[in-house]
1. Quick one: pull the percentage of alpha-carbon pairs in the range B:1-135 with a separation above 23 Å.
2. Please report the equivalent ellipsoid semi-axes of the range A:63-148, computed as sqrt(5 x eigenvalue) of the Cα gyration tensor, largest first, in whole Å.
3. If I fit a long axis through the Cα atoms of helix B:83-101 and take the longest principal axis of the Cα atoms of chain B, what angle between them do I get, 0 to 90°, rounded to 10?
4. Below 12 angstrom from the Cβ of B:ALA103, what's the summed charge of the other residues (Lys, Arg +1; Asp, Glu -1)?
5. List the residues, sorted by chain then number, that are 5 or more residues from A:SER248 or on another chain and whose placed amide H is less than 5 Å from its amide H.
6. Compute the acute angle (0 to 90°) between the alpha-carbon long axis of helix B:113-124 and the principal axis of greatest extent of the alpha-carbon atoms of chain B; round to the nearest 10°.
7. Work out the mean other chain Cβ neighbour count within 10 Å for the residues of A:35-43 and drop it here as an integer.
8. Jot down the per residue volume, in cubic angstrom and as a whole number, of the convex hull over the alpha-carbon atoms of the protein assembly as shown.
Amino acid sequence: MMERIQRFGDNDRLLGILTEPAGQKPVGDIAVLLLNAGIIHRIGPHRLNVKLARHAASSGYPALRFDLSGLGDSAPAGLSNDFADQAVSDIAAALDCIEQQTGCRRVVGVGLCSGADNLFNAAGSDPRLCGLMLLDPYAYASFTAKVMFLAQCASNAGHWKRLAFKMGQRLRPFPASGADETAETEASDDDRDAPPRLEFGARLLEIVRRGTRVSLIYTENSSSAINAAGQFRRRFREFDFGDSLEVSVYSDVDHTFTRLSSQHRLMGELDRFLDRCRSMSREPAAAAEDRAQIDA
Amino acid sequence: MSGLAFHFCDSSNPLFGIYHRPETGGPGNRAVLLCPPFGQEEIRSNRIFRLLAEQLARSGFHVLRFDYFATGDSMGDCEQATLEQWSKDIIAAHDELKDMSGANRVTWLGLGLGATLVASIAARRERGLAGLVLWDAVTNGKAYLADLARGHAKMLGEDMAVVDALPVAAELGVREAMGFEISATLADELMALRLDDIDRRPARKALVVGQRDAAQVALVDRLGDLGVKLEWCEDEEASSWNSESALNAFVVPAATIRTITATVGGWR
């Protein structure tokens, strides 16, 4: 395994570290892209991005971890772009970097919290993202989830106290805004700048129809909105995501994967997800062209 | 302004560093080596170190900030980390900074455990340093381990009152603290770590940064007894970098950074 420092983007503003398998061609021509979580720099919470990058490389997948504009050691953009729009541009630059340095045009993006949001936003316009592993992405509460959550808290005061504390620790770049705690709503059940439920569903559907595999992993941090995997598809019953979408609930894992056991669990899941993405029969760009022809 | 990112030291296990060239005039022979804290504290302080490096560079200093082996972006897995290796890394970074800059007057600045290492190494082998900046130095390793254990429990929302030792990740064979592996070797080294037993003057001058608690007073007294000319920065915000909120917001002790820059700038 070797690591190379990368400067890329406009005026080489963006800094990243590319981790590459030692002396072998990338497996399945797929690379991994790891995003900032909140304002934490590119190494990730608990150095998680470094661990995931090196784990991916040990399995044959190059991995780039980098800092978005203005975070870590990347310079600000100097433009008046909205933060979310700039993140999408930065991700495109990162994908360009991966392609130039490794030849990989298929990339699996891994993002936690705001990183998940940014990847979701970028995937809508960049078919090179053939896979998305989104950790604690936008969550839309169902009535069932709310009931189960309240029941769990009622039966375990320590559980409620712990979750209330940890929800205050969510990695968010934006100030908190209140969430409706009482009923099923069309708004995301957290304080991020989330799209309405139907818009999120439509965009997710477009992403999977294009051929991108998506893995949504919710930790205990999202347990007030989703605490069983089946709740997601029921909440989004209007959409047929097919088997390109996987939803998991890690109810015993905290938001930033603090316990080493949860980090190793995540590495195992990354292995499996990368294998599934590698087994895709065609490049996403080709799949998008086919889709365009069908829709014409 | 963003600095030159590069790898240095042993090519098989390179260290990651960022070098900041001085932006202004001045003698150009002065440099500052920034030595980070450990683990969660390193993450919380990353932005502050960048801002401090940029401020020092604007004031005419060559600056190198870097990651110890098995931390940050340097090679090595977390469980491979030892204080002994980090001490060697500081020496290597010092030599690299001198080679890159041509500076002959180097100040070492350490934060948290980085300050402890800086003081310990300097006491063992005075290297003609211009001075030391010791920011929230860890003065007692046993107490520090207990703090890590409580911090781990707090991070997981668990009851800190029943915590007396770092938990063991049994399946991995290491202890863990706030998301980081702690090997048995590192734990033993930390347990034995004390700053009150240094017996040689580490530098002629030092700036101690942090709140005036019993541990810091004892450190200052010890350094004074060894003949170090001391100054103390007690800005209220000086320790604000080491908080949970620092993970979600840009907590920057601007006044402390200005004080450090001005003090180091005045050392001849």
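1. Cα-Cα pairs in the range B:1-135 separated by more than 23 Å: 25 percent.
2. 26, 17, 11
3. 20
4. +1
5. Close amide H contacts, sequence-distant or interchain: A:LEU216, A:ILE217, A:TYR218.
6. Approximately 60 degrees, to the nearest ten.
7. For peptide A:35-43, the averaged partner shielding equals 4.
8. Here the figure is 149 Å³ per residue.
The values are calculated or read from the model by the stated rules, or taken from the named source; none is laboratory data. Predicted model, so just to flag it, every value in this text is computed and none were measured. Cβ atoms come from the backbone with ideal geometry, glycine included; neighbour counts cover every protein chain shown. Surface accessibility is based on the protein's heavy atoms, side chains included, excluding ligands, DNA and RNA. Shrake-Rupley method; radii C 1.70, N 1.55, O 1.52, S 1.80 Å.
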